[in-house]
Amino acid sequence: MNAKRKAKAAAGEQPFALRLLADMLRIRRMEEKCAELYGTGKIRGFLHLYIGEEACASGAMHALDATDNVVATYREHGHALLRGVPMDAIMAEMFGKAAGCSRGRGGSMHLFDAARRFYGGNAIVGGGLPLAVGLALADRMQDIRRVTACFFGEGAMAEGAFHEGMNLAALWRLPVLFLCENNLYAMGTALARSESQTDLCEKVASYKVPTLKVDGMDVVAVHEATCRAAQQVRNGAGPFFVELQTYRFRAHSMFDPELYRDKAEVEEWKKRGPIHSFSAQLKAAGELTEEGFLELDAAADSEVAAAVAFAEAAAWEPVGDLLKDVTTRGATA
Amino acid sequence: MRISYREAIRQALREALAADPRVFLMGEDVGRYGGTDAVSKGFYEEFGPERIRDTPLSELGFVGAGIGAALGGMRPIVEIMTVNFSLLALDQIVNSAALLRHMSGGQFSVPLVIRMATGAGRQLGAQHSHSLENWFAHIPGIRVLAPATVADARGMLGAALADPDPVVIFEHAQLYNTEDELLDDWHCDIERAAIRRPGSRLSLFAYGGSLPKALDAAVALARESIDVEVVDLRVLRPLDTRTIAESVRRTHRAVIVDEGWRSGSLAAEVMARIVEQCFFDLDAPPLRVCSEEVPIPYAKHMEDAALPQVAKIVAAVKEVLNV
């Protein structure tokens, strides 16, 4: 595949292809459990599942270094997990517990982890782009060689924040890797119903930012494209935009009756599901057996079970801490 | 040394830029142009284009970038041309800067300073003349400052930069050319309001561009032997309720001057706190002098009529005193 993959495989770890698969499975099983727990009332609020889109986070996150910055959206469970936020802390956050990665204040849409340079968890569509630009500006001004990866959906490309952020990044040649997960629907509004220009790369090209369009259901293609783009950004060539063409298998949120798309369309995309297509590919290449797959799946299941147990047992934040951390110095009003 | 309010801000900016390489200034025309209000004139040449960073007309974008840069270890000072333009950036200020610390369980703080011009009086019409300080003062997670004196113009910026959380500084456009002696001790306590003129018969609260009007009113009233105390709120969030209440407990009467519109105003908040904390100390119902509830008009006589003026303040004080 590429140098990064070979380097990782050579380190005596799990073969890299299996890591990609395992990571997609970890996201999938975690989110399936979240949906189940939503049904039982353990998880409340909005819950936006990433199911179907796992190849994007899995392929892209492995293209980044541990010291890079990551800015994500409200559909960020997978990104947080693959960034290294422990599943325990993510699950506890979903439960609203103090052991959660945002102390239970954020919930599903606001996962944060300062130590892993994971800047959320932003539920304002497009809101992450200017933040990513600023993080990259700070790195540039401090002579830090680092990539800021900014995930967003195609819906964000109708926002002013997208255009302002893209222009600033391009104008100042900042090291931002823009990763657009194009799942074709901004909540319930299809791309063609919300954008005059549906070719997203064309739209970005007007900012003189280089682009790549990738099959976001193919984890290897995502990984290779994002490695290439990240390398270019890291080398100081300015921002890069990658469109990951993907599809959300589940509803937008747990409240969505899905009246805006045909069941047949969903079924058609499911045939290209990233987990089963990649495992089929690996099996055909002799790199994976059915037993091997079941082992990975079982490992994901037990990680999920442990995370749920952890979240169940975790304590609630004391109500007395309600006003804590509104400001650093404690003054509120 | 006698200097202008503008020069005081310039000194504060220059000092901050020279002292800390993490500090930089960013905004529309802050660089080559020298700043709309000439606050950063010459800085582009002195500190270079990286640290005196001209931005496109992208308030949402560059305020958001300021937040990101603050998260990334810098100490940005973002200048927004006027408060009306800040509405284009409200999403980033309210939904990111103000929330990040609490929402992340205390993991991130945003040491960002936003400066902007506010207020009317220059015949700039309705889209360049409003006072929306109270909108910002409504939001937990940010500090809101309004320097009204040359000393505070000199002292507030450094104190704001030392704050680990977002600070919004409102510079009233009418104050840039005002002059005063800058005393050696210009350091500013950004927790406390300031008593600008002690007095005994009534507490007159004001901030920003209304402070000189309140002080002029106090002088006019003194000529009629009416001795009022003038309190500069100056820290609009968190409000220094203690200083406010202590003053009212001494004088037993209050008038609040606020260039914002009356409905839902900062003056309303101050009055509510007075009523909550000093109800039984009051000898008369407090009054407010606010802007009339209209978009600020262009014509001079109409603009003047829309704003708090010395005569209106004097009349309100006399009404409360029943003289």
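Every number here is computed from the coordinates shown, using simple stated rules; none is lab data. Please read these numbers as outputs of a predicted model, since none were measured by experiment. FYI the Cβ positions are ideal-geometry reconstructions off the backbone, even for glycines, and counts take in every protein chain you see.
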Using a 10 Å cut-off around each Cβ, can you sort B:203, B:129, A:194, B:265 from fewest to most neighbouring Cβ atoms? A:194, B:265, B:129, B:203
Pull up the cross-link candidates among the aspartates and glutamates for residue A:213, meaning alpha carbon to alpha carbon under 14 Å and not fewer than 8 places away within one chain. A:154, A:181, A:199, A:202, A:224, A:243
Peptide A:161-168, shielding by other chains (average Cβ, 10 Å cutoff): 5
Identify all aspartates and glutamates with a Cα-Cα distance to residue B:318 below 19 Å; exclude those on the same chain that are fewer than 8 residues away in sequence. B:216, B:224, B:227, B:229, B:258, B:281, B:283
Whole-Hz Karplus couplings 3J(HN,Hα) for segment A:107-117, θ = phi - 60° and coefficients 6.51, -1.76, 1.60, Gly and Pro as x, run x, 3, 8, 10, 7, 9, 7, 4, 4, 9, 6
Using modelled backbone amide H atoms (1.01 Å from N, in-plane), which distant-in-sequence or interchain residues come within less than 5 Å of residue B:257's amide H? B:205, B:206, B:289
From the phi angles alone, apply the Karplus equation (6.51, -1.76, 1.60; θ = phi - 60°) to segment B:62-74 and give each ³J(HN,Hα) in whole Hz, x where the residue is Gly or Pro. 7, 5, x, 5, x, 5, x, 5, 5, 4, x, x, 8
Residue by residue, what Karplus-based ³J(HN,Hα) values in Hz, rounded to whole numbers, does segment B:93-103 have, using 6.51, -1.76 and 1.60 with θ = phi - 60° and x for Gly and Pro? 5, 7, 7, 10, 3, 6, 9, 4, 5, 5, 5
Under 20 Å from the Cα of residue A:283 - aspartates and glutamates, other chains or at least 8 residues apart: A:13, A:23, A:54, A:218, A:291, A:295, A:297
So how far, in whole Å, is the C-alpha centre of segment A:217-267 from the one of segment A:59-132? 17 Å
Starting from the coordinates of the alpha-carbon atoms of segment A:243-290, obtain the Kirkwood hydrodynamic radius over all distinct pairs and give the value in Å to one decimal. 12.7 Å
For A:16-23, B:142-149, ranked highest to lowest by mean beta-carbon neighbours within 10 Å, the order is B:142-149, A:16-23
Determine the calculated [θ] at 222 nm for chain A from helices alone, applying -39500 (n - 2.57) to every DSSP H run no shorter than 4 residues and normalising by the residue count; nearest 500 deg cm²/dmol. -14000 deg cm²/dmol
Inter-chain shielding of A:109-122 (mean C-beta neighbours from other protein chains, 10 Å cut-off): 4
Could you tell me which of rounded, prolate or oblate describes chain B, using a ≥ b ≥ c as the square roots of the eigenvalues of the alpha-carbon gyration tensor, with rounded for a/c under 1.5 and, failing that, prolate when a/b is larger than b/c and oblate otherwise? prolate
Just the Cα atoms of segment B:2-181: what Rg and Dmax do they give in Å? 15.1, 47
With N denoting the number of residues in segment A:14-314, provide Rg(C-alpha) divided by 2.2 N^0.38 Å, to two decimal places. 0.95
Set the Förster distance to 45 Å, then compute FRET efficiency between residue B:263 and residue A:272 from the Cβ-Cβ distance, nearest 0.05. 0.20
Beyond 39 Å, what share of the Cα-Cα pairs of the protein assembly as shown remains, rounded to the nearest whole percent? 39 percent
What ranking, highest mean first, results for peptides A:254-260, B:158-164, A:49-55 when packing means the other Cβ atoms within 10 Å averaged over each residue? A:49-55, B:158-164, A:254-260
Could you list which residues have their amide H under 5 Å from that of residue A:69, counting only those 5 or more apart in sequence or on another chain, with H placed in the peptide plane? A:147, A:148, A:149
To the nearest 10 degrees, how steep is helix B:241-251 against the longest Cα principal axis of chain B, on a 0 to 90 scale? 20 degrees
